[in-house]
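Visitor: Quick one: the structure is below, and I'll ask about it shortly.
The values are calculated or read from the model by the stated rules, or taken from the named source; none is laboratory data. These numbers were taken from a predicted model, which means no experiment stands behind them. The area values use the complete protein model at the heavy-atom level, side chains included, leaving out ligands, DNA and RNA. Shrake-Rupley method; radii C 1.70, N 1.55, O 1.52, S 1.80 Å.
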Amino acid sequence: EFIDSYVFNKAEYIRFNSTVGKYVGYTEHGVYNAETWNKGSELAQELGALERYCKYNAAIYYGAVL
């Protein structure tokens, strides 16, 4: 599971969660940004990072944990 959180003044206002597959907002401003980012290229960049980094390295880290 890949989670990318955006925090301001110790309050999380937006999060990308790979399980959900999109940005989710937690404040009024975060909800607005999540809707905008889900329609734009930001979502494609996060999904690309998931494929390029997380899934590629998952087997390596899993083996190290065991």
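Visitor: Given a 1.4 angstrom probe, I'd like the percentage of the accessible area of the chain that is carbon and sulfur, rounded to a whole number.
Guide: 57 percent
Visitor: Continuing with this model, one more query. Roughly speaking, what % of Cα-Cα pairs in the chain are separated by over 14 Å, rounded to a whole number?
Guide: 60 percent
Visitor: Note the angle between two axes, namely the Cα long axis of helix 28-39 and the longest principal axis of the Cα atoms of the chain, as a number of degrees from 0 to 90, rounded to the nearest 10.
Guide: 60 degrees
Visitor: Mind checking the per residue accessible area of the chain for me, 1.4 Å probe, whole number of Å²?
Guide: 75 Å²
Visitor: Now, a different point. Among L47, L66, what's the order by accessible area (1.4 angstrom probe), most exposed first?
Guide: L66, L47
Visitor: Right, here's the next one. Name the residues whose placed amide hydrogens come within less than 5 Å of the amide hydrogen of F2, ignoring near sequence neighbours (fewer than 5 apart) on the same chain.
Guide: Residues meeting the amide H criterion: S18, T19.
Visitor: How do F16, F2, F8 stack up against each other in accessible area, from largest to smallest, with a 1.4 angstrom probe?
Guide: The residues order as F8, F2, F16, largest area first.
Visitor: Amide H to amide H, which residues 5 or more places from K22 or on other chains are under 5 Å from it, using H placed in the peptide plane?
Guide: Amide H neighbours of K22, under 5 Å, 5+ apart: N17.
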